[in-house]
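Single-structure report; data block below.
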Amino acid sequence: MKNKNRTIVVDFGEESYYQNIIGNGKAFLEFVMAYIMSIGFQLLHKQYCTGGSCLTRHSHYARVKCGGITIWRIQCTTCKAVFTVMPSFLIRYFSCKTEQVKRAIIAYHGGLSFENCAICYNISPMCLYRLICAFGKHCLATMLYQAGVPLPKNLQADEKHTKCLGEKGYIPLLTCGHAIWDIDYIDNVDEQTLAPFYQQFVEQTKALEPNYAPKTITHDGFKATIKALREIFKNTCTYLLCWLHACRSIGNIITSYSKEEADKISGRLWIMLLRCHKKVSLKNVSRRSCLTALLRKYKPLLPPDIFEELKAWIDRKKPYFYAGMDYPLALSFSYSIDHICNHLDRKLFMMKHFHHPNARKDLFLKGFALLHCFIPYQRFAINAFKSPAQVEGASLPHHDWFVSLLILTSQGYHKIR
């Protein structure tokens, strides 16, 4: 039976201090235990073990490609669980140093290609790619939850259309704010393909909180998405329609008649929705009368067939507009998920000929999403020097975001709650 991975990442500071302390077994164990207590995590002992501080040094090996640095393993004297103590300046299974990888990832996330990152930071492009895929083996919802982010009450769902080696592909996302809670790569976007993606997210969140169910889900009105969401999220109270997509789609109905009138009605519907949302009193009267006035205005202008199509469209979307009035205005837009899709589109466009046909594109996307959630914003942003996870309420175990990510993905810790 394969042994369970129980790597723990410990910040020893400078590499020289680590080289000095590994020769003293007692001081080494005391430092490790003090660090574990300081970050608010516990060691992941075997089941039914009471844990505690009964640890001893077990064995060691040398990381030859990193200058022969000695890596020690420690063992619990009660349950015999063995933990690999990985210093924070090294990365498990990779020969490159942490600071080198962190700078390359920031550059790649900021816009550089794998090849340019290799030139600037002396790291192999395939090494950087495999490192991102290694992060993708971890569950996004679990990582964010361990970082202290509460499970989202309001979700946004969307599907990004892309191409890989000339073939069309789709990337479904579930986000809250700028934090990505789930992402995958699928070949088509019918209801049968989207439903397992949402079901997987439900299973992951149920393992964290059995009674979890989102209160609202904002979507763009795609029929397959709506059917899949209603099938999986049966306990969700409200489904909200993105007003931005709605205003664009109503213009498509009239484009064949007049492009100018299509732009006008899109703008009028947008202004009408904003004004109705601001009116706290008499909301039902104001929005119903505004929609009626909109139809009355365009009845003499449009041909009968186009007007009937417009009227049927408003009747279908009316319940979504009414539901959006009862929630904060920010939930009626999909700006944040559109921003994520645009950023992802630029990265995939630059590497569209990089993927092998049999590559694990899902692992790369999940790894990219995990890095996106923990990389801080630039200094000119509103939430400067904070990551999307921190904006959503995360409390990272280390002041360095990359070391925090290594700690959360090390699999030797579990969160104290």
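General remarks:
- Among the residues of region 144-153, just one is surrounded by fewer than 21 Cβ atoms within 10 Å (Cβ to Cβ) and touching a helix residue (DSSP H, G or I) at 6+ places or on another chain (Cβ under 8 Å), namely Leu151.
- Verdict on Asn358 being free of Cβ contacts under 8 Å to residues at least 24 places away in the same chain and assigned to a helix (DSSP H, G or I): no
- Any pair with Cβ under 8 angstrom, 6 or more apart, that starts in region 160-181 at a residue that is assigned to a strand (DSSP E or B) and ends at one that is surrounded by fewer than 22 Cβ atoms within 10 Å (Cβ to Cβ) and of a type in the set (S, T, N, Q): Lys168/Thr162; Gly169/Thr162; Tyr170/Thr162; Tyr170/Asn188; Ile171/Thr162; Thr175/Ser336; Cys176/Asn154
- Listed by position, the helices (runs of 4 or more DSSP H) contained in region 47-145 that have at least 3 residues being small (Gly, Ala, Ser) are 98-110.
- Residue that is loosely packed, with under 15 Cβ neighbours inside 10 Å, among the basic types (Lys, Arg), modelled with pLDDT under 90 and out of contact with any strand residue (DSSP E or B) (no Cβ under 8 Å at 6 or more places or on another chain), where the choices are Lys278, Lys283: Lys278
- Residue, nearest to the chain's Cα centre (by Cα), within region 47-71, restricted to residues that are more than 21 Å from Glu30 (Cα to Cα) and modelled with pLDDT of 85 or more: Arg63
- Number of residues in region 213-260 that are in contact with a Ser or Thr (Cβ under 8 Å, 6 or more places away or on another chain), buried (at least 18 other Cβ atoms within 10 Å of the Cβ) and outside any helix (DSSP H, G or I) equals 10.
Residues are listed down the side, and each one gets a yes or a no for (1) among the aromatic types (Phe, Trp, Tyr); (2) at pLDDT below 90; (3) surrounded by 17 or more Cβ atoms within 10 Å (Cβ to Cβ):
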site: Cys373; (1), (2), (3): no, no, yes
site: Ile382; (1), (2), (3): no, yes, no
site: Pro388; (1), (2), (3): no, no, yes
site: Glu392; (1), (2), (3): no, no, yes
site: His399; (1), (2), (3): no, no, no
site: Leu405; (1), (2), (3): no, no, yes
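- Residue within region 193-210 that is in a loop (DSSP other than H, G, I, E, B), over 17 Å from Thr142 (Cβ atoms) and not β-branched (Val, Ile, Thr) present: no
- Hits in region 141-167 (condition: within 18 Å of His343 (Cα to Cα) and not acidic (Asp, Glu)): Gln156, Ala157, Lys160, His161, Thr162, Lys163, Cys164
- Just one of the numbered conditions (1) at pLDDT 90 or above; (2) over 19 Å from Ser334 (Cα atoms) is not true of His219: (2).
- If the condition is being modelled with pLDDT of 90 or more and charged (D, E, K, R), then region 160-196 contributes Asp182, Asp184.
- Beta carbons closer than 9 Å, at least 6 apart along the sequence or on distinct chains, pair a first residue in region 28-41 that is at positive phi with a second that is at pLDDT 90 or above for Gly40/Ser395; Gly40/Pro397.
- Ala134 meets all of the listed conditions (1) surrounded by fewer than 18 Cβ atoms within 10 Å (Cβ to Cβ); (2) more than 30 Å from Ile22 (Cα to Cα); (3) under 17 Å from the mean Cα position of the chain (by Cα) but one, namely (2).
- Filtered residues of region 312-347 (kept if surrounded by 14 or more Cβ atoms within 10 Å (Cβ to Cβ) and basic (Lys, Arg)): Lys317, Lys347
- Residue that is under 19 Å from Arg63 (Cα atoms), surrounded by 14 or more Cβ atoms within 10 Å (Cβ to Cβ) and touching a residue at least 60 places away in the same chain (Cβ under 8 Å), where the choices are Ile91, Ile106: Ile91
The values are calculated or read from the model by the stated rules, or taken from the named source; none is laboratory data. These numbers were taken from a predicted model, which means no experiment stands behind them. Ideal geometry is used to build each Cβ from the backbone, glycine not excepted, and the neighbour counts take in all protein chains shown.
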